[in-house]
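Notes follow once the structure below has been shown.
The values are calculated or read from the model by the stated rules, or taken from the named source; none is laboratory data. All of these numbers come straight from a predicted model, not from anything done at the bench. Reconstructed Cβ throughout: ideal geometry from the backbone, glycine too, with neighbour counts over all protein chains shown.
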Amino acid sequence: MQVIAIDRSRRRLLGAGLAATVAAPLLGCTTTGGGPSIGRVVVVGGGFGGATAARYLRMWGNVDVTLVERDAAFISCPISNMVLGGHKTMADITVPYSGLDALGVKRIEAEVVAIDAQAKEVRLADGRKLPYDRAIVSPGIDFMFDQVAGLTPAAQQRILHAWKAGPQTLALRRQLEAMPDGGVYALTVPKAPYRCPPGPYERAAMVASYFKQHKPRSKVLLLDANPEIQSKKALFEKVYAEQYKGIIEYRPNNELKAVDAAANTAKLEFDDVKADVLNVVPPHRGAEIARSTGLLNMNARWIGVNWLTMESTAVPGIHALGDAVLSAPAMPKSGHMANQHGKHAAAAIIQLLKGEPINPAPVVMNTCYSFVTATDVIHVTSVHQYDNADKTFKAAAGGGVSSAPSAMEGRYALSWAQNIWSDMLAS
Amino acid sequence: MIHLPRTAIAGLLVWAGVAHAQDANLGRNLAATCANCHGTNGQARGDTVPALAGMPAERLMSTFNAYKTGALPATIMHQIAKGYTDEQVKAIAAYFAVQVKK
């Protein structure tokens, strides 16, 4: 059975009116050569998935790529816990989109309000319509605030998630700085699956590293809805016991039910916990644009995809990437994995636009580095091979975690950040 | 001679046909999975990890294999190397070997 899929969409030329409204591509700087484009792809979301897809579509094929992203610059979730620990600044985790602009990606700083899969166009808040042959949705996650009673919009001003790097990262850092010595920082972890499995445990270590040095009588309370640490468990337990004894307290099976914002109190099933700084990471689902487009066909939370092409199983012509996708077995929701989704989708979309066979045996892999002190890091890694019988990616042989935290892996982690940001943003 | 069931032979033939059609992009796609740490097309940023662009194919394959067997100690590559087949490593090595290091 040879895998061939022909793109049936018509390749319409950009309307003159639209062409005038989008940023002009710098054709002289493209690396894909001249000639007519093989098709138009609109990418929604410029995070690890979307930016990577945009870059690789330009690099690998003469594709007319428009990237719609609301933010002016990329701010990385990975390394953002180092900002909370006071070891890095917001500038260290912010990268401009100018590298993509130079590759001829037409970037539009705007909000997508709808995707019309019938008309094959992406609609922006200002009324603009962007026609596409294929669309990529890499929207990230939205929080299910309604799952936590009392977490009203007003309460969210004080009780932060900081689970999307940006203004909340800095705001949470300010709360930690303002907290008196002897105070309690409580972090609630939602039930898996959630974005960045080791992230909460890294965050606890980073905040503890700050307390240890500057506010040694303070506590970190880790309230986990899950029965155990979700990633690098033995390593985090060892670090907590050896580096942060008396600072970090880990409580499994503690699902947050409600908050009392006025009292800064987390209400758990059997217990109320009052904190000086309460940091709530609510459960997630694929972001709103995925819901309104009808893409959340998995448990009304996640996007189902055909893993050979990353095309939605609900809406033809729309491909989905990153954390919003229902993960394959043992596949984490991580920036690294979203980047891998992006390249895999770019390769498939180019083949589809050209009417040529798609790769029947794709591979993706993951590496997540977590800082446990200002310098020392632990990792988890895995390789995922496509399984033709079960039509999904499966963890391949190998994979594993660090033998121990090390400063050498700390250098690798920062090198990883530099290289993946460069890979996705052509910076 | 090894006797395979007819269905297995048919499967191999189809597989070979598909793989052949993919030859142009196979190495490129696989090598792209390395870029997160080793740079786009093997052009690594910084001097912490080795650039793979321009590395002779034999050297990349033997290094990869040494990670796989444990002969070469590593923090992470011994775990990653086991996840790729020898054929995949060969395609990756061929792709990086012809990239010109910048």
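Residues are listed down the side, and each one gets a yes or a no for (1) assigned to a helix (DSSP H, G or I); (2) among the small types (G, A, S); (3) in contact (Cβ under 8 Å) with a residue 60 or more places away in the chain:
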site	(1), (2), (3)
A:P316	no, no, yes
A:H336	yes, no, yes
A:K343	yes, no, yes
A:A346	yes, yes, yes
Q: Please determine, by comparing only the residues of segment A:186-223 that are part of a helix (DSSP H, G or I) and polar (S, T, N, Q), which one is nearest to the chain's Cα centre (by Cα).
A: A:S209
(Q) Among the residues in segment A:374-383, are any touching a residue at least 24 places away in the same chain (Cβ under 8 Å) and either in contact with a Lys or Arg (Cβ under 6 Å, 6 or more places away or on another chain) or in the same structural domain as A:N306 (by TED's automatic domain parsing) (or both)? (A) yes
(Q) Pairs please, first residue from segment B:44-69 and over 26 Å from A:M424 (Cα atoms) and within 10 Å of chain A (Cβ to nearest Cβ), second anywhere and among the basic types (K, R) and surrounded by 14 or more Cβ atoms within 10 Å (Cβ to Cβ), Cβ atoms under 7 Å, 6+ apart in sequence or on different chains. (A) B:K68/B:K82
**Q.** Qualifying residue in segment A:266-274 (condition: more than 16 Å from the chain's Cα centre (by Cα), more than 14 Å from every other protein chain (Cβ to nearest Cβ) and small (G, A, S))
**A.** yes
Q: Pull up segment A:141-169, narrow it to residues that are closer than 14 Å to A:R195 by Cα and in contact with a His (Cβ under 9 Å, 6 or more places away or on another chain), then point me to the one that is surrounded by the most Cβ atoms within 10 Å (Cβ to Cβ).
A: A:W163
Q: Would you check which residues across segment A:384-405 are part of a strand (DSSP E or B) and out of contact with any strand residue (DSSP E or B) (no Cβ under 7 Å at 6 or more places or on another chain) and list them?
A: A:T392
Q.
If B:A32 meets every condition in (1) on the phi < 0 side of the Ramachandran plot; (2) more than 7 Å from every other protein chain (Cβ to nearest Cβ); (3) modelled with pLDDT of 95 or more apart from one, which number is that one?
A. (2)
Q: Go through (1) in contact (Cβ under 8 Å) with a residue 40 or more places away in the chain; (2) more than 8 Å from chain B (Cβ to nearest Cβ); (3) surrounded by 23 or more Cβ atoms within 10 Å (Cβ to Cβ) and name the single condition A:K354 misses.
A: (3)
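Matching residues to (1) buried (at least 23 other Cβ atoms within 10 Å of the Cβ); (2) in contact with a strand residue (DSSP E or B) (Cβ under 6 Å, 6 or more places away or on another chain); (3) over 16 Å from A:P190 (Cβ atoms):
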| site | (1), (2), (3) |
| --- | --- |
| A:V280 | yes, yes, no |
| A:P283 | no, no, no |
| A:M298 | no, no, yes |
| A:L308 | no, no, yes |
Q | Selection within segment A:410-427 - more than 8 Å from chain B (Cβ to nearest Cβ) and surrounded by fewer than 20 Cβ atoms within 10 Å (Cβ to Cβ) | A | A:G410, A:S427
(Q) Can you find, within segment A:313-329, the residue that is surrounded by the most Cβ atoms within 10 Å (Cβ to Cβ) among those that are within 18 Å of the chain's Cα centre (by Cα) and farther than 19 Å from A:V383 by Cα? (A) A:A320
Q | Qualifying residue in segment A:360-383 (condition: more than 23 Å from the chain's Cα centre (by Cα), modelled with pLDDT of 95 or more, within 9 Å of chain B (Cβ to nearest Cβ) and part of a loop (DSSP other than H, G, I, E, B)) | A | yes
Q) Just wondering, is there one or more residues in segment A:224-240 that are assigned to a strand (DSSP E or B) and modelled with pLDDT of 95 or more? A) yes
Q) Since A:W163 meets every condition but one in (1) in the same structural domain as A:I350 (by TED's automatic domain parsing); (2) in contact (Cβ under 8 Å) with a residue 12 or more places away in the chain, which condition does it not meet? A) (1)
Q: Could you please give the count of residues in segment A:388-409 that are touching a Phe, Trp or Tyr at 6+ places or on another chain (Cβ under 7 Å) and surrounded by 15 or more Cβ atoms within 10 Å (Cβ to Cβ)?
A: 3
Q) Limited to segment A:204-233, what total is found for residues that are of a type in the set (G, A, S) and in contact (Cβ under 8 Å) with a residue 60 or more places away in the chain? A) 3
